[in-house]
Amino acid sequence: MPFPIFHKETVRIAFVGLGDRGRTALRLLLSVPGVQVTALSDLRSSNVRAALQLLPSYATPLCADGFDAYKALCQAETVDLVYICTDWTSHVPIALEAMNSGKDVAIEVPAATTLEDINRIVGTAKQTARQCFLLENVCFEQQVIDAIASIRRGDIGDIVHAEGSYYHDLGDRWAPWRLDINRQQRGDLYPTHELGPICQALDIGGSDYLQTLVCMDSTAFSGPQVYETVMHQPAPDFQNGDHTTTLLRTARGCTILLKHDVLTQQPYERQLTFIGTRGRITLNDTGRPSHEEMSLAMNRRLVESLTQGVPYGISLYDLATWCAVIPLSRLSIERGFSPVPFPTFTI
């Protein structure tokens, strides 16, 4: 899909979701030239008030709080782009409302967690001719960009295998919603930090595509105890295993290994490894400064794509493909850890 150009220097942005993550995103985005925040929304009025403190004193945004408050923002004539930083369960209805109201959308990862919702986002974006940007900031980390450039130059030969790990002890940071999702669902629930850069390096959606997925998880050894400690109530029905391993194979015969663990007590780790016929590249997360730098780079590219027509670098096909690992990994587990075919998304 071609990127529209606004033919003006400023993008008017509505923020939906102003918790810790949302306010951090707002602060970073305000430093990008060409941004005007014209609307703010959150379930809690206290979060809206806190976000207002970040805006210039002369700003007079439309503000709304409550469950359906985002609808007024999506319909406002003073909004070009709706920037969604809510919990995962509300991403899809907000995005659909925004696109159906003629607004472009930027969504924190994952954009959707079921194949039905992924197809709804894709279908609505195509029908309304609106842009739907996946806010996967790891793809804008400088060491990732450099590694992908090296791989495309052929520095380590042909890629044979790639791995990505996401280990992050949730603790009580995202309670209750993220722990509740892990209580209710099995599978790799947060794959895009690793899979996004891997797919870009392997040219998934170009010269290659994902063909088969198989997933296996451990028993939920830690989950019930973590849930009870944080939520102060038992969770005998806790679903997600402590450690989830997903293996994918591409049409060209490359393999991809994804590892997800947010429940055991171990240090945070985000790692990428690319193995080629003539060498390997391994990347490790470099800490908070890098997180802000890559988020800022992502937001700059987002604004430039809308004002100047610069390619954002993550397509609607990528959004669908990367997010599809969530429901497919769950399906593989439900079928006794069996291989499942990867769907073909027509964008």
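The values are calculated or read from the model by the stated rules, or taken from the named source; none is laboratory data. Every value quoted in this text rests on a predicted model; they were computed, and no experiment measured them. When we count neighbours, we look across all protein chains shown, and the Cβ atoms used for this are built from the backbone with ideal geometry, even at glycine.
Out of the residues in region 57-74 that are hydrophobic (A, V, I, L, M, F, W, C) and surrounded by 13 or more Cβ atoms within 10 Å (Cβ to Cβ), state the one that is modelled with the lowest pLDDT. Spell out the reasoning first.
Here is the first cut: in region 57-74, the ones hydrophobic (A, V, I, L, M, F, W, C) are 59, 62-64, 67, 69, 72-74.
Then drop every residue that is not surrounded by 13 or more Cβ atoms within 10 Å (Cβ to Cβ), which leaves 59, 62-64, 69, 72-74.
Working: ALA59: 91, LEU62: 95, CYS63: 96, ALA64: 94, ALA69: 94, ALA72: 95, LEU73: 96, CYS74: 97.
So the residue we want is ALA59.
Can you spot a residue in region 38-56 that is closer than 23 Å to ILE314 by Cβ and at pLDDT 95 or above?
no
If only one of ASP169, ASP117 is under 30 Å from VAL82 (Cβ atoms) and charged (D, E, K, R), which one is it?
The unique qualifying residue is ASP117.
Just to be sure before I move on: is VAL230 assigned by TED's automatic domain parsing to the domain that holds TYR190, more than 27 Å from TRP322 (Cβ to Cβ) and in contact (Cβ under 8 Å) with a residue 40 or more places away in the chain in the structure I sent?
yes
Per-residue answers, yes or no, for (1) crowded, with 20+ Cβ neighbours inside 10 Å; (2) small (Gly, Ala, Ser); (3) touching a residue at least 12 places away in the same chain (Cβ under 8 Å); (4) at positive phi:
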residue	(1), (2), (3), (4)
THR277	no, no, yes, no
ASN299	yes, no, yes, no
SER305	yes, yes, yes, no
TRP322	yes, no, yes, no
ARG335	no, no, no, no
VAL340	no, no, yes, no
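Which one is farthest from MET298 (Cα to Cα) among residues in region 105-140 that are out of contact with any helix residue (DSSP H, G or I) (no Cβ under 6 Å at 6 or more places or on another chain) and part of a loop (DSSP other than H, G, I, E, B)?
For region 105-140, the residue satisfying everything is ALA129.
From the list LEU257, LEU272, which one is touching a residue at least 40 places away in the same chain (Cβ under 8 Å) and either assigned to a helix (DSSP H, G or I) or surrounded by 17 or more Cβ atoms within 10 Å (Cβ to Cβ) (or both)?
Result: LEU272 is the single residue among LEU257, LEU272 that is touching a residue at least 40 places away in the same chain (Cβ under 8 Å) and either assigned to a helix (DSSP H, G or I) or surrounded by 17 or more Cβ atoms within 10 Å (Cβ to Cβ) (or both).
Just to be sure, is GLY187 part of a helix (DSSP H, G or I), in contact (Cβ under 8 Å) with a residue 60 or more places away in the chain and either within 15 Å of the chain's Cα centre (by Cα) or not assigned by TED's automatic domain parsing to the domain that holds PRO110 (or both)? Walk me through it before giving the result.
Numbers: part of a helix (DSSP H, G or I): no; in contact (Cβ under 8 Å) with a residue 60 or more places away in the chain: yes; either within 15 Å of the chain's Cα centre (by Cα) or not assigned by TED's automatic domain parsing to the domain that holds PRO110 (or both): yes.
No, not satisfied.
Does any residue of region 275-283 turn out to be of a type in the set (S, T, N, Q), in contact with a strand residue (DSSP E or B) (Cβ under 7 Å, 6 or more places away or on another chain), under 22 Å from ILE181 (Cβ atoms) and not in a strand (DSSP E or B)?
Taking every residue of region 275-283 in turn, none turns out to be of a type in the set (S, T, N, Q), in contact with a strand residue (DSSP E or B) (Cβ under 7 Å, 6 or more places away or on another chain), under 22 Å from ILE181 (Cβ atoms) and not in a strand (DSSP E or B).
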